[in-house]
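The structure under discussion appears below in the form of structure tokens.
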Amino acid sequence: MNHSTSRSKAISRALVAAATILLAFTWAAPANAVDVITTLAGTGHPEFNDDKQNPLATNVNPTRLAFDFSGRELYFIDSESRIRKIDVDGRVITVAGTGDNSFNEDQLDPLKTNVHPIQIAFHPHTGELYFNDGGSRIRKINGRQRVETVAGTGQKDYNGDSNNPLQTNINPDQILFHPSNDDLYFTDGGTRIRRLNHEWDGWIETIAGSGDAKFNENQSDPLETDIEPVGMAFHPKTAELYFTDGSSRIRKIDRELKVRIIAGTGDQRFNGDQVDPLKTNIHPWEIGFHPDTCELFFIDEGSRIRKIDAESRVKTLAGNGNQTFNGDKKNPLEASIFPSTIGFHPLTKQLYFTDAASRIRVLDQGGVRTLAGTGSQYFNGDKSDALQSNINPCWTAIHPKIGEFYFSDLMKRSIRAFHETPIFIAGATHYRVAVDAIGTATAVWTRTVEGVTVVETATRARGGQWRVTPSRGCGRTSASSA
């Protein structure tokens, strides 16, 4: 039996199962269940070697990741010269790009179109993929699977707003769709926030920023307000745009398009949690809203996780100000952390974060806990215990329906995933779990039996016990029931 083929089939079946997920339920994992890290694509070599049938034989050099609108396929930027995806069959497919990132106009064939993708985002209604191309254009892959430039000239110098987006110079960094309309917002040159207004036939409109990053308070005219936007996020209910400002503040653009300070003094030095958020020193990095409470969470100075609560107060949730790992702590304020990305599990609402680019950790009622990683970034294979796997997560994506944690591993040059396993199988690798609409769970894994790699599955009806289906030539496997 071809070992790589069996392993590829295991991953393929798992991804097909993941695509059917509509609902999930909670199970109680047995004490001997462990979490695992699996490699989905990549060989460790960054050089392009075409799209292979076996994703583990396909060279990838991934940076940013994003799930498509349906959550079925995982897209990623490869070497800043291609956009590729892992499809529902587990294969790596090149979507656009030639390997050359110099602009060569919009071509009929996306595989003959040079692209320089920096960030990708999916349209909330059409599902079309948009991307920041070279920091001077915004392009999309349209419904006909053609690359189409929607804004930008290739020049970055600001030349004002225009009703012709293809004659408007732009310098986008982050791109983000408004949650309830088709407008595309983007930071421009680090001193403005602009949008592609679809109601005005694609007019490029500056909504805040003077072109100067020096702080000058909140002005009555948002176009006279100096801003230095970094990270952006829309409020889930009000759809107001919040952003971190290089002046060590969090600000927002309200419904009247006025710029307002939400928290921060301009001083980065930690001074505790103050009653008044405008008297609380902060140094915000990444921001994100809690999916239920709509509270704003943010990374502060790379050593704390804080939030702005329902009463507009800044509250420290985790971190003691030290970035050197000191183990897991029941009291999260005693934990040394070095977070770089944060995200919420869609089902449990737990806060996940990467720590020092070598661990995946969670903040919940049990404190700060490490889920995966040893502290070393050097690849040591996929282990049956995630806490024994060396990882180097740089860019991350949480599956929008089942919450599995995907990441590009810089040291391994691969895409890998963290899976929380509900049952224990001795020697199991490439472990994946999916739940269908009626609550039936399906687990898929590979295992070596007498020198042969086999694929096995187990199913469990809602509230029932796991039933393992042995693979060809294998004896029945004993599984713990949840």
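Grab the other residues whose beta carbon is less than 10 angstrom from that of His198, score K and R as +1, D and E as -1, and report the net.
Details: positive: Arg195; negative: Asp182, Asp183, Glu199, Asp201.
That sum, taken over residues with Cβ under 10 Å, equals -3.
In whole angstrom, how far apart do the alpha carbon centroids of segment 328-348 and segment 215-242 sit?
27
I'd like the FRET efficiency for Ala310 and Ile93, computed as 1/(1 + (r/R0)^6) with the beta carbon distance as r and R0 of 45 Å, rounded to 0.05. Display every interim value, and only then the final one.
Numbers: r = 44 Å, r/R0 = 0.98.
For Ala310 and Ile93, the calculated efficiency is 0.55.
Which one, Ala263, Ser312, Leu351, is farthest towards the positive end of the dipole of segment 221-375 when Lys and Arg carry +1 and Asp and Glu -1 on their Cβ?
Towards the positive end, the residue furthest out is Leu351.
For a quick check of your reading of the filter: which GluC sites (Glu not before Pro) in segment 210-261 sit in a DSSP loop and have no more than 10 other Cβ atoms within 10 Å?
Filter output for segment 210-261: Glu217, Glu256.
If the cut-off is 30 Å between C-alpha atoms, which lysines fall inside it for Lys412, apart from same-chain ones fewer than 8 positions away?
Lys9, Lys52, Lys85, Lys112, Lys140, Lys329, Lys349, Lys383, Lys401
Starting from the Cα-Cα distance between Glu80 and Val275, subtract it from 0.36 nm times their residue separation and give me the gain in nm to one decimal.
Full extension of this stretch gives 65.7 nm more.
Under the 0.36 nm per residue contour assumption, what length would be gained going from the current alpha-carbon distance of Thr469 and Leu111 to full extension?
This chain segment gains 124.7 nm when fully extended.
Taking 7 Å along the Cα-to-C-beta vector as the label spot, tell me the Asp157-Trp203 distance in nanometres, rounded to one decimal.
2.6
If you wrap a convex hull around the Cα atoms of segment 74-218, how much volume per residue is inside, in Å³?
Cα convex hull per residue, to the nearest whole number: 126 Å³.
Using 1/(1 + (r/R0)^6) with R0 = 22 angstrom and r between the beta carbons of Gln388 and Asn326, what's the FRET efficiency to the nearest 0.05? Each step should come with its number before you reach the end.
On the way: r = 20 Å, r/R0 = 0.90.
With R0 = 22 Å, the Cβ-Cβ based efficiency is 0.65.
Place a point 7 Å from the Cα of Arg255 along the Cα-to-Cβ direction; which residues of segment 150-181 have their backbone N under 18 Å from it?
Inside the label zone: 178-181.
I need the calculated FRET efficiency for the pair Phe69 and Lys237, taking r as the beta carbon distance and R₀ as 25 Å, to the nearest 0.05.
0.75
Given the Cα-Cα distance of Thr126 and Asn218 and 0.36 nm per residue of separation, how much length would full extension add, in nm?
Fully extending the segment from Thr126 to Asn218 adds 29.5 nm.
Near Gln219, within a Cβ-to-Cβ distance under 10 Å, what is the net charge of the other residues, with Lys and Arg +1 and Asp and Glu -1?
Counting the neighbours of Gln219, the net charge comes to -3.
Quick note: the coordinates plus some simple rules give every number you see, no bench work behind them. Just so it is clear, the structure is predicted and the values come from calculations on it, not from any experiment. Virtual Cβ from ideal backbone geometry, glycine too; neighbours counted across all protein chains shown.
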